[in-house]
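Participant: Before anything else, here's the structure in question.
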Amino acid sequence: QHLLPPRTEQHIDKKCAVIDLDETLVHSSFKPIHNADFIVPVEIDGTVHQVYVLKRPHVDEYLKRMGEMYECILFTASLAKYADPVSDLLDKSGVFTTRLFRESCVFHRGNYVKDLSLIGRELNKVIIIDNSPASYIFHPDNAVPVISWFDDPTDTELLDLLPFLEAIAESDDVYSVLRTHGFTS
Ligand SMILES: [Mg+2]
């Protein structure tokens with residue numbers, strides 16, 4: 001039983017991009033932020049907390065472009081009751097074909113690991129874009145590392161990654177491109 005359903009016709013020739021949420025695309029806080037992009041109510045143990053969400057600079061353009069190039073999967077170690085409403089607000093055009101949450105992670109040595117061998121795609125056609133190396137400790141060769149983002153309004157990481165992600169999308173095998181960029185051993 002795989003985590004993803006079979007590829008749709010639209011994505012049959014596309015590689016799969018497994019994309020993280022927190023500190024990759026957004027940063028969220030329980031502390032009020034005056035310039036929050038979204039405020040999401042989340043119930044924890046019977047109490048509703050407001051979660052203040054900041055969008056990383058250029059995330060809209062990034063997701064639009066990624067959706068054109070890849071089959072995009074949201075894969076987060078966060079709980080669905082937080083990440084699902086955030087994704088509804090962040091991904092209005094439905095770039096993410098599937099959303100995977102904490103229960104789809106493997107708990108390994110104190111970390112939630114995203115085990116790419118469980119998703120049901122050929123591994124040489126899969127990349128994982130994540131700020132946390134622990135997330136891809138089982139598949140470091142598939143990783144596109146991202147600098148963690150909290151609130152820097154001048155951050156251009158998502159835009160800066162696009163040319164590289166375009167090269168991977170056009171390659172036969174993700175490892176060939178990742179290797180030339182020195183991300184893999
Ligand atoms: Mg993260």
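Participant: Of all residues in the stretch 126-140, which are over 20 Å from Leu25 (Cα atoms) and either part of a strand (DSSP E or B) or open to solvent by less than 60 Å² (accessible area, probe 1.4 Å) (or both)?
Facilitator: Result: His139, single match.
Participant: Report, by residue number, each residue of the stretch 1-58 that is within 16 Å of the ligand (Cβ to nearest atom) and more than 21 Å from Asp130 (Cα to Cα).
Facilitator: Once the filter is applied, which keeps residues that are within 16 Å of the ligand (Cβ to nearest atom) and more than 21 Å from Asp130 (Cα to Cα), the stretch 1-58 yields only Val51.
Participant: Determine which member of the set Tyr82, Tyr62, Tyr112 is open to solvent by 20 Å² or more (accessible area, probe 1.4 Å), within 16 Å of the ligand (Cβ to nearest atom) and not in a strand (DSSP E or B).
Facilitator: Just one listed residue meets the conditions, Tyr82.
Participant: So, of the residues in the stretch 85-97 that are touching a Cys at 6+ places or on another chain (Cβ under 9 Å) and either polar (S, T, N, Q) or assigned to a strand (DSSP E or B) (or both), which turns out to be nearest to Leu4 (Cα to Cα)?
Facilitator: Result: Thr97.
Participant: Based on this model, can you work out whether Asp151 counts as modelled with pLDDT of 95 or more and within 16 Å of the ligand (Cβ to nearest atom)?
Facilitator: For Asp151, the condition - modelled with pLDDT of 95 or more and within 16 Å of the ligand (Cβ to nearest atom) - is met.
Participant: Name the pairs whose Cβ atoms lie under 6 Å apart, with the first residue in the stretch 35-46 and touching a residue at least 40 places away in the same chain (Cβ under 8 Å), the second outside any strand (DSSP E or B), and 6 or more positions between them or separate chains?
Facilitator: Here the result reads Phe38/Leu89; Val40/Pro85; Val40/Val86; Val42/Lys81; Val42/Tyr82, each pair linking the stretch 35-46 to a residue that is outside any strand (DSSP E or B).
Participant: Select from the stretch 18-59 the residues that are under 17 Å from Leu89 (Cβ atoms), assigned to a strand (DSSP E or B) and among the polar types (S, T, N, Q) and list them in ascending order.
Facilitator: Correct list: Ser28, Ser29, Gln50.
The values are calculated or read from the model by the stated rules, or taken from the named source; none is laboratory data. Everything quoted here is computed from the prediction, not taken from an experiment. As a convention, Cβ positions derive from the backbone with ideal geometry for all residues, glycine included, and neighbour counts pool all protein chains shown. Ligands, DNA and RNA are excluded from the accessible area calculation, which covers all protein heavy atoms including side chains. Shrake-Rupley method; radii C 1.70, N 1.55, O 1.52, S 1.80 Å.
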